[in-house]
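The values are calculated or read from the model by the stated rules, or taken from the named source; none is laboratory data. These numbers come from a predicted model, not from an experiment. Cβ coordinates were reconstructed from backbone atoms using ideal geometry, including for glycine residues, and neighbour counts include every protein chain displayed.
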Amino acid sequence: QIFLDRFFRAFGHKGALEAGATYEEAITKGSKKGKTGFADLVWKPRVLIEMKKRGEDLSKHYPQAFEYWSRLVPNRPRYVLLCNFDQFWIFDFDLQIDEPVDRVNLNDLKSRVSAFNFMEVGNRTPIFQNNQVEITETAARRMGELFQLLKKRG
């Protein structure tokens with residue numbers, strides 16, 4: 001909880017609780033055995049955060065995070081953040097399910113802070129590096145431009 005509270009402070013909040021987040025939120029049928037699970041932090045409607053031990057393989061915890069997120073209705077958080085203190089995996093399940101929209105290493109946090117714009121008091125739009133929808137749209141636009149150039153050349 002200390003890490004998360006300081007994380008919130010880094011984005012201009014007085015703390016996680018002061019921002020309206022809840023620690024250890026009960027998620028009915030959120031465990032592997034169908035019992036109540038506990039999300040590390042829920043800040044509706046912005047983010048669900050699951051913290052894991054340093055060095056833990058975050059891909060193993062994706063199912064748990066997705067299950068928690070799917071049960072956080074109404075007003076489900078837009079983003080899910082999985083963290084093992086070395087890496088932050090950011091998911092936006094409204095955009096893509098199978099891959100994080102971004103992966104940020106702790107050492108790169110300062111230069112990649114725009115991926116966490118949703119954490120700011122002002123809730124600015126984040127800039128992700130693995131947003132497949134955005135990447136596909138950009139590629140399609142560029143292919144269209146290339147086609148038009150080739151068409152003009154004859």
Discussion item. Go through region 7-47 and report how many residues are touching a residue at least 12 places away in the same chain (Cβ under 8 Å), basic (Lys, Arg) and closer than 27 Å to Val113 by Cα.
Written reply: 2
Worksheet item: Is there a residue being of a type in the set (Lys, Arg), in contact with a helix residue (DSSP H, G or I) (Cβ under 8 Å, 6 or more places away or on another chain) and part of a loop (DSSP other than H, G, I, E, B) anywhere in region 102-118?
Response: no
Practice prompt. Quickly run through region 46-94 and pick out the residues that are surrounded by fewer than 19 Cβ atoms within 10 Å (Cβ to Cβ) and small (Gly, Ala, Ser).
Written response: Gly55, Ser59, Ser70
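What's the total number of residues in region 69-84 that are within 20 Å of Gln129 (Cα to Cα) and either polar (S, T, N, Q) or at pLDDT below 95 (or both)?
Residues meeting the conditions: 1.
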